[in-house]
Amino acid sequence: MSTGALSTAQPMAPVPLRVRSLRRESADTFTVSLDVSGRPGGFPFQPGQFNMLYALGVGEVPISISGDPGRPGELLHTIRVVGSVTEALRRVGRGGWMGVRGPYGRPWPLEEARGLDVVVVAGGLGLAPLRSVILHLLRHREAYGRVSLLVGARSPEGLLYRRELARWGKDPRLKVLITVDQAGPEWKEHVGVVPALLRDMALDASRTVALMCGPEVMMRFTVRELERLGVPDTRIHLSLERNMKCAVGFCGHCQLVPFFVCKDGPVLPYDRLRPFLHVREV
Ligand SMILES: Cc1cc2nc3c(=O)[nH]c(=O)nc-3n(C[C@H](O)[C@H](O)[C@H](O)COP(=O)(O)OP(=O)(O)OC[C@H]3O[C@@H](n4cnc5c(N)ncnc54)[C@H](O)[C@@H]3O)c2cc1C
Ligand code: FES
């Protein structure tokens, strides 16, 4: 599924967009804002969708859109530098160019979640594709029941969007719980694993939908805890990462047994994923 694709004449050709600004999020992670001011209507997308970002002459990688779906005039991606393409994207710098094609992928089921309590669970970089969900939920707050955000990171320094997290933590419309694997004595939030946060939540399983992204081991243990609390598999949604090339269902690079993660996902309900979650790459 794709909405508002950048180029209809050549859907596989990246469109060059200029880097408007860069912001450092942590030692290895930055958020880039791309200039879409020349496009009527900006860059509409749905929370959970991703773009293919192309570093000229180096390569192309899938990166979630981390901006606010209610502000299509601003196109944001949060990128962790792990290898050659993400390193080349970091080197582009302000005023330089990146190639972009998208948006691609099945988004978070925010329409289905209307009227329900929403538990958003993010591990590490998994907060990037969920930031747009939180911004959507806050903008349409009256349409949802209780909204909770559970965030896990290795250390306080590894947390993304720290200022925004602090602001959300004070917002009465949202319950925010943060945990890290390890921290010094100055850390006042939780220490431990993400699923443990669920035990303190007095969650009403009969009216809860869970949206989750993070390391697969974290997601497996969190799913187990949600199931123990009685949340049905059909209302637990996970965003998956797999290697991608085409992003439009042609090449099979992202195949997870019956699914092409690029077009059937990246967001999938756990009742469909359950038999395949342990499969790394095909
Ligand atoms: C749908 C989707 C959405 C994504 N959204 C984001 C996003 O918002 N931000 C983001 O930074 N990344 C995101 N990724 C992951 C991103 O695409 C990869 O990190 C990127 O392709 C790595 O390319 P590279 O050439 O820099 O590194 P490579 O040379 O491909 O990999 C370098 C090393 O890093 C390892 N590696 C690859 N990916 C990861 C990873 N995700 N985490 C840790 N180690 C990794 C590889 O196994 C290898 O050992 C997303 C992936 C998918 C499929
Ligand atoms: S990346 Fe080509 S089929 Fe999914």
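The values are calculated or read from the model by the stated rules, or taken from the named source; none is laboratory data. Quick caveat, the model's predicted, so the values are computed rather than measured. Note that we place each Cβ from the backbone using ideal geometry, even for glycine, and neighbour counts take in every protein chain shown. Ligands, DNA and RNA are excluded from the accessible area calculation, which covers all protein heavy atoms including side chains. Shrake-Rupley method; radii C 1.70, N 1.55, O 1.52, S 1.80 Å.
Our analysis of the stretch 154-223 gives Rg over Rh at 0.96, with the two radii drawn from alpha carbon positions and Rh computed by the Kirkwood formula.
When only Cα pairs below 8 angstrom with a gap of at least 6 residues are kept, the stretch 111-274 shows a relative contact order of 21 percent. The fraction of accessible area contributed by carbon and sulfur in the stretch 15-104 is 52 percent, rounded to a whole number (1.4 Å probe; ligands and nucleic acids excluded). Coupling constants for the stretch 107-113 follow from the phi torsions by the Karplus curve (6.51 cos²θ - 1.76 cosθ + 1.60, θ = phi - 60°), and in residue order they are x, 5, x, 6, 5, 4, 7 Hz; glycine and proline get x.
Computed extension length for Arg94-Val257: 54.6 nm, one decimal, from 0.36 nm per residue of separation with the Cα-Cα distance subtracted. Listed by chain and number, the lysines whose alpha-carbon sits under 23 Å from that of Lys245, ignoring those within fewer than 8 places in the same chain, are Lys263. The slack in the chain from Arg39 to Lys170, taken as 0.36 nm per residue of separation less the alpha-carbon distance, amounts to 43.6 nm.
Looking at the chain, send over the antiparallel percent of its DSSP beta bridges, to the nearest 5. Counting DSSP beta bridges with both partners in the chain, the antiparallel share is about 55 percent. Dividing the alpha-carbon radius of gyration of the stretch 111-274 by the rule-of-thumb value 2.2 N^0.38 Å gives 1.04.
Placing pseudo-labels 7 Å out from each Cα toward the beta carbon at Ala143 and Glu157 gives an inter-label distance of 4.1 nm. With one equal scatterer per alpha carbon and no solvent term, the Debye-computed log10 I(q)/I(0) for the chain at 0.10, 0.13 1/Å reads -0.50, -0.87.
Taking 14 Å as the straight-line reach from the Cα of Lys175, the aspartates and glutamates in range (excluding those fewer than 8 positions away in the same chain) are Asp117, Glu164, Glu189, Asp200.
Remark on Cys251: its backbone amide H falls under 5 Å from those of Cys246, a criterion applied only to residues 5 or more positions apart or on other chains, H modelled at 1.01 Å from N.
Considering helices alone, the calculated mean residue ellipticity of the chain at 222 nm is -5500 deg cm²/dmol, with DSSP H runs of length four and up weighted by -39500 (n - 2.57) and normalised per residue.
For the stretch 15-104, what is Rg from Cα atoms divided by 2.2 N^0.38 Å, rounded to two decimals? Here the Cα radius of gyration is 0.98 times the empirical estimate. Once the Cα-Cα distance is subtracted from the 0.36 nm per residue extended length, the Arg199 to Val58 segment shows a gain of 46.2 nm.
Karplus-derived 3J(HN,Hα) values for the stretch 123-135, using 6.51 cos²θ - 1.76 cosθ + 1.60 with θ = phi - 60°, are x, x, 5, x, 5, 4, x, 9, 4, 5, 5, 4, 5 Hz; glycine and proline are entered as x. In order along the stretch 152-168, the Karplus-derived 3J(HN,Hα) couplings, from 6.51 cos²θ - 1.76 cosθ + 1.60 at θ = phi - 60°, round to x, 8, 5, 8, x, 5, x, 5, 7, 6, 4, 5, 5, 4, 5, 5, 4 Hz, and Gly and Pro are given as x. Placing pseudo-labels 7 Å out from each Cα toward the beta carbon at Val82 and Phe250 gives an inter-label distance of 2.5 nm. Annotation: amide H-H contacts under 5 Å for Thr179 (H modelled 1.01 Å from N, sequence separation of 5 or more, or interchain): Val151, Gly152, Ala153.
Site pair Asp28 and Thr234 shows an inter-label distance of 4.0 nm when each label is modelled 7 Å from Cα along Cα→Cβ.
Of the GluC sites (Glu not before Pro) found in the stretch 208-282, those in coil by DSSP whose Cβ has at most 14 other Cβ atoms within 10 Å are Glu281. Only lysines eight or more places from Lys170 in sequence, or on another chain, were considered; those with a Cα closer than 23 Å are Lys188.
Accessible area per residue for the stretch 111-274, computed on protein heavy atoms with a 1.4 Å probe, is 45 Å².
Ligands, DNA and RNA left out, the accessible area of the stretch 111-274 computed with a 1.4 Å probe is 51% carbon and sulfur.
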